[in-house]
Structure formats: C-alpha cells, structure tokens
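Chemist: The structure under discussion is supplied below as structure tokens; questions concerning it will follow.
The values are calculated or read from the model by the stated rules, or taken from the named source; none is laboratory data. All values reported here derive from a predicted model rather than from experimental measurement. Methodologically, a virtual Cβ is constructed for each residue, glycine included, from the backbone with ideal geometry; neighbour enumeration extends over all protein chains shown.
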Amino acid sequence: MANVKVTKRASEIEYAIRDVIVHTKELIKNGKKIYYLNIGDPAAFDFKTPQSLKDALCGAIAKEDNYYSPSEGLPELRQAVANKEKKVNNFDITADDVLVTEGISEGIQMLLGAIVEKGDEILFPGPTYPPYISYTKFFDGKPVAYETIEKEGWQPNIDDLRKKVTDKTRAIVIINPNNPTGAVYDRKTIKEILDIAGEHNLPVLSDEIYDQLTYEKQFVSASNVTKDVPVVGLNGFSKVYQMTGWRLGYMYFKGEGKQLAALKEGVEKECRIRICANTPVQIAATAALNGPQDFVKDIVDRLRQRRDFSWKRLNEIEGISTSKPEGAFYIFPKIEGIGKRWKDDMDFVVSLLKETGVLIVNGSGFDPVYGKDHARIVFLPPIQELEEAYSALEGFMKKKVKRDSRGHVGYG
C-alpha cells in the first residue's frame with residue numbers, strides 16, 4: 001500500500017454550495033424529488049443560452065479553431081471586454097488590461113495566489129462568495145469578514161471595515177451585486193470603501209459578475225468611481241449569457257503603479273502555466289459581447305417576477321424573514337429556531353432536504369459569523385416550481401413550531 005499524504009490545504013477545502021449535494025445521493029436512489037435551489041445556474045432552468053452563441057461555438061469548432069490560444073486570451077475577446085465595460089459600466093480600459101480566465105473562480109484563485117502569503121489577510125463582505133474564504137486559506141492566509149447589515153439590506157458597515165484593516169491586510173473585496181444576499185451597493189458606499197483602500201495603499205478586488213442583473217437599483221462599478229485606487233475587476237459570461245458550463249470569465253486591471261503592474265504580471269504567469277482558456281468558447285464569447293444585447297432585459301424582467309414572488313412568499317412563512325434582493329438571483333432569509341430545534345444552519349438544511357427534497361445552502365457556508373442562522377435560496381426556477389418548494393418549506397416549518405398558552409412561538 002502506498003503511503004499517500006494529503007496536504008492540509010487540500011483536505012480542508014470547503015465549498016458549501018456544492019458540499020450539500022452529497023446529502024442528496026441516497027434520496028435520489030430512493031426516488032425522492034429534489035428541488036435544486038442551491039446552485040446559481042440559470043442554464044439549468046428555463047434561461048437558455050442564446051442560439052447565436054451556440055451557433056458561434058459550433059462554427060468555431062467546424063472552422064478548426066481548436067488550437068491553443070494566447071495565455072492572456074484572444075486579442076479580439078479582450079478588446080470586446082474593454083468595449084463592453086465602456087458601454088455598460090462607463091469606464092476606460094484597454095485590451096491589454098484584460099486577462100481571460102476559465103470562469104470567475106479561476107480568476108479568484110489566480111488573484112489570491114498572486115497576493116496572499118502566509119499570514120496575510122484578505123477583507124471580504126460577510127456573508128460572501130465562499131471561494132474568497134477557501135482560497136485565502138488555501139494559500140495560508142487569513143480571511144477576515146467585514147460586517148454587512150441585514151436590517152439595511154445587507155449594506156456594508158463601513159466603520160467595521162475600517163476597524164478591521166491591519167498591517168497584514170493585502171486587499172479589500174467588494175462583491176456587487178452581492179452573492180449570497182442580492183444586495184447592490186450605491187456609489188457613496190463604494191467610494192467609502194475605495195477611500196479606506198486608498199488610505200492604506202490597498203487594491204480593491206471587485207467581483208461584478210452580476211453587473212447587468214439588477215432590479216430597482218442601478219449597478220455602479222468600482223472602476224467607474226475610483227480615481228487613484230487600483231481596482232481589479234472580476235466578471236464573466238456564466239450568469240448574463242447563460243454560459244455556465246462553458247467556463248469563461250475575465251479580470252481587468254484598472255489603475256497605474258508598479259504594484260498593480262507586478263500583480264498583473266504575476267497573474268499572467270499563472271495564466272501561462274495553465275496554457276490558455278478554451279479557444280472555441282472565447283470565440284463564442286466575443287460574438288456574445290459584440291452581438292445584440294436585447295435578451296438581457298427579458299432575463300431581468302423574468303428574474304424580477306421570481307424575486308418578487310420569493311420575497312413575498314418566504315416572508316409569509318412563520319419562522320422565516322428576509323430582506324428584498326436588489327440584484328443577482330439569490331435570497332438570504334433568516335431562520336428562527338436554529339440553536340433550539342436545529343443545532344445549527346447545516347442541520348436545518350440537511351433536515352429540510354431529507355424531509356422535503358428542498359435543497360438550499362446553509363448560511364454559515366458563506367461566513368461562519370455573518371452568515372450563520374440563515375440560508376441561501378436560488379430563485380431561478382419557474383414560479384410554479386418555486387411555489388412547490390416554498391410550500392414544502394412552509395409545511396416543514398409548521399411542524400417544528402410550538403406555541404404556549406399565550407401564543408408565543410417556540411421550537412420543539
């Protein structure tokens with residue numbers, strides 16, 4: 001028998017969004033219907049990849065565009081990204097400022113791999129998209145959450161953020177629109193974060209993959225607000241263009257200075273070591289950016305209806321309360337009874353799944369402090385399917401509620 005030692009960094013990786021799926025295996029074997037409200041994958045529901053993009057992909061393959069492309073990305077795609085950011089988010093970058101990645105997750109990994117040394121700290125909004133926590137730990141860094149305030153629609157607590165900057169802080173992360181809460185930050189908030197970054201000579205890592213999926217509030221990019229604070233933006237094609245399984249994203253570098261140039265060079269080296277992103281998909285993505293964009297409004301309109309339904313319906317369920325998401329396609333309700341009926345939010349999620357088949361994600365998987373006692377729910381399915389899932393959730397909650405003689409709610 002070989003003596004294979006698995007590193008601590010690999011054995012301790014967590015990714016709550018997919019880790020919960022392991023609990024479905026036996027249920028599926030026994031024929032139980034699963035309501036998949038755990039993964040933000042529009043293409044898995046009734047949001048289909050535009051036909052023009054599928055045609056562009058098939059055309060690239062048919063024309064034998066199956067070669068290794070430049071590690072930084074196809075020049076025409078990088079230029080299309082620069083054009084898109086100018087048109088949609090109103091700031092200027094060049095094609096040379098753009099690097100193409102295999103999805104936004106690879107971009108996060110590359111960036112943190114280039115920034116984090118042992119003991120370094122990365123500041124991120126709590127709750128947050130889990131890879132920011134996991135990759136910081138993977139590179140022997142320390143993830144530090146700054147508070148976002150639930151009663152204020154999960155807006156950042158600027159005072160808390162300021163207090164948590166130390167001499168070990170290496171970057172401040174903004175996720176806007178936010179995953180998992182659906183919060184959208186206004187210009188004033190972004191400027192306050194940039195001001196703190198500027199005071200401490202820190203870069204801002206701005207995760208903007210839901211930039212076109214907002215409802216009442218207008219998205220404002222950190223790169224539109226910044227003057228002299230360096231911003232590294234992360235974006236991609238999964239959510240707006242329904243290209244989730246195609247795995248393509250990008251990052252851009254906005255600003256000047258030796259430190260930002262060194263960071264970009266470090267990430268470029270990481271791009272080279274993995275050779276390149278998928279060439280035919282890059283050709284299709286170029287067509288996506290250069291082609292008609294009218295389908296985006298339809299996506300937002302349909303999502304708004306599902307957002308409104310989910311917000312109203314969940315708040316009707318006793319023991320559940322939630323703020324209204326302003327962007328993306330997630331809602332992050334608070335669950336009463338955790339710590340009483342269920343030992344923690346993971347126990348709640350697993351119990352709900354086993355009893356009803358409704359699969360959601362435990363809030364502590366998005367941050368053990370600011371996410372606990374919550375759950376993330378994806379509202380991508382059609383309303384009829386959402387109603388089935390929410391009715392099952394309501395029935396589950398009613399079974400757990402106990403009232404005393406005065407009508408006070410408890411959990412048993």
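Chemist: List every residue pair whose Cβ atoms sit under 8 Å apart, with the two residues 6 or more apart in sequence or on different chains, where the first one lies in segment 22-50 and is among the polar types (S, T, N, Q) and the second, anywhere, is in a loop (DSSP other than H, G, I, E, B).
Modeler: Cβ pairs passing all conditions: Thr24/Ile34; Asn38/Ile360; Thr49/Tyr241; Thr49/Gln242; Thr49/Met243.
Chemist: For segment 50-96, name all the residues that are surrounded by 12 or more Cβ atoms within 10 Å (Cβ to Cβ), within 20 Å of Ile275 (Cβ to Cβ) and of a type in the set (Ser, Thr, Tyr).
Modeler: Correct list: Ser69, Ser71.
Chemist: Hey, another quick one. Look at segment 339-367 and say how many of its residues are assigned to a loop (DSSP other than H, G, I, E, B) and under 16 Å from Ala389 (Cβ atoms).
Modeler: Matching residues across segment 339-367 total 2.
Chemist: Of the conditions (1) at pLDDT below 95; (2) under 21 Å from Val81 (Cα atoms); (3) not acidic (Asp, Glu), Gln259 clears all except one; give me its number.
Modeler: Against the list (1) at pLDDT below 95; (2) under 21 Å from Val81 (Cα atoms); (3) not acidic (Asp, Glu), Gln259 comes up short only on (2).
Chemist: Could you tell me whether segment 215-224 includes any residue that is closer than 28 Å to Ser69 by Cβ and within 22 Å of the chain's Cα centre (by Cα)?
Modeler: Yes, that holds for at least one residue.
Chemist: If you don't mind, another one. Would you pick out the residues in segment 235-268 that are surrounded by fewer than 24 Cβ atoms within 10 Å (Cβ to Cβ) and aliphatic (A, V, I, L, M)?
Modeler: Result: Val240, Leu260, Ala261, Ala262, Leu263, Val267.
Chemist: OK, next. Hey, any hits in segment 99-108 for a residue that's surrounded by fewer than 21 Cβ atoms within 10 Å (Cβ to Cβ) and closer than 20 Å to Leu248 by Cα?
Modeler: Keep residues of segment 99-108 that are surrounded by fewer than 21 Cβ atoms within 10 Å (Cβ to Cβ), which gives 102, 105.
After this cut, where a residue has to be closer than 20 Å to Leu248 by Cα as well, the list is 102, 105.
Within segment 99-108, one or more residues are surrounded by fewer than 21 Cβ atoms within 10 Å (Cβ to Cβ) and closer than 20 Å to Leu248 by Cα.
Chemist: In segment 297-338, how many residues are farther than 21 Å from Lys372 by Cβ and either assigned to a strand (DSSP E or B) or in contact with a His (Cβ under 8 Å, 6 or more places away or on another chain) (or both)?
Modeler: 1
Chemist: Only one residue in Phe366, Phe309, Phe329, Phe348 is out of contact with any Gly (no Cβ under 9 Å at 6 or more places or on another chain) and not assigned by TED's automatic domain parsing to the domain that holds Pro131. Which one?
Modeler: When all the criteria are applied, what remains is Phe309.
Chemist: For segment 368-381, indicate whether the set of residues that are without any contact (Cβ under 8 Å) to a residue 24 or more places away in the chain and either in a helix (DSSP H, G or I) or over 30 Å from Lys48 (Cβ atoms) (or both) is non-empty.
Modeler: So the first thing to find is which residues in segment 368-381 are without any contact (Cβ under 8 Å) to a residue 24 or more places away in the chain, and the list is 368.
Pick out the ones that are also either in a helix (DSSP H, G or I) or over 30 Å from Lys48 (Cβ atoms) (or both) and you get 368.
Within segment 368-381, one or more residues are without any contact (Cβ under 8 Å) to a residue 24 or more places away in the chain and either in a helix (DSSP H, G or I) or over 30 Å from Lys48 (Cβ atoms) (or both).
Chemist: Could you count how many residues in segment 124-150 are in a strand (DSSP E or B) and in contact with a Ser or Thr (Cβ under 9 Å, 6 or more places away or on another chain)? Write out each step before concluding.
Modeler: First, pick out the residues of segment 124-150 that are in a strand (DSSP E or B): 124-126, 142-149.
Those still in the list that are in contact with a Ser or Thr (Cβ under 9 Å, 6 or more places away or on another chain) too: 124-126, 142-145, 148.
Here the count works out to 8.
Chemist: Take segment 246-283 and flag every residue that is more than 22 Å from Leu112 (Cβ to Cβ) and within 23 Å of the chain's Cα centre (by Cα).
Modeler: Those that are more than 22 Å from Leu112 (Cβ to Cβ) and within 23 Å of the chain's Cα centre (by Cα): Trp246, Asn278, Val281, Gln282.
Chemist: Residues Ile196, Ile273, Ile283, Ile209: which one is touching a Lys or Arg at 6+ places or on another chain (Cβ under 6 Å) and closer than 24 Å to Pro75 by Cα?
Modeler: Among Ile196, Ile273, Ile283, Ile209, only Ile209 is touching a Lys or Arg at 6+ places or on another chain (Cβ under 6 Å) and closer than 24 Å to Pro75 by Cα.
Chemist: Out of the residues in segment 368-387 that are more than 23 Å from Gln242 (Cβ to Cβ) and of a type outside the set (Ser, Thr, Tyr), state the one that is surrounded by the most Cβ atoms within 10 Å (Cβ to Cβ).
Modeler: Checked segment 368-387; the qualifying residue surrounded by the most Cβ atoms within 10 Å (Cβ to Cβ) is Ala375.
Chemist: Which of the residues belonging to segment 90-104 are closer than 25 Å to Gln218 by Cα and polar (S, T, N, Q)?
Modeler: Asn90, Thr94 - these are the residues of segment 90-104 that are closer than 25 Å to Gln218 by Cα and polar (S, T, N, Q).
Chemist: Follow-up question, since we're still on this one. What number goes with the only condition from (1) basic (Lys, Arg); (2) surrounded by fewer than 20 Cβ atoms within 10 Å (Cβ to Cβ); (3) closer than 29 Å to Gly31 by Cβ that Arg341 does not pass?
Modeler: The one condition Arg341 does not meet is (2).
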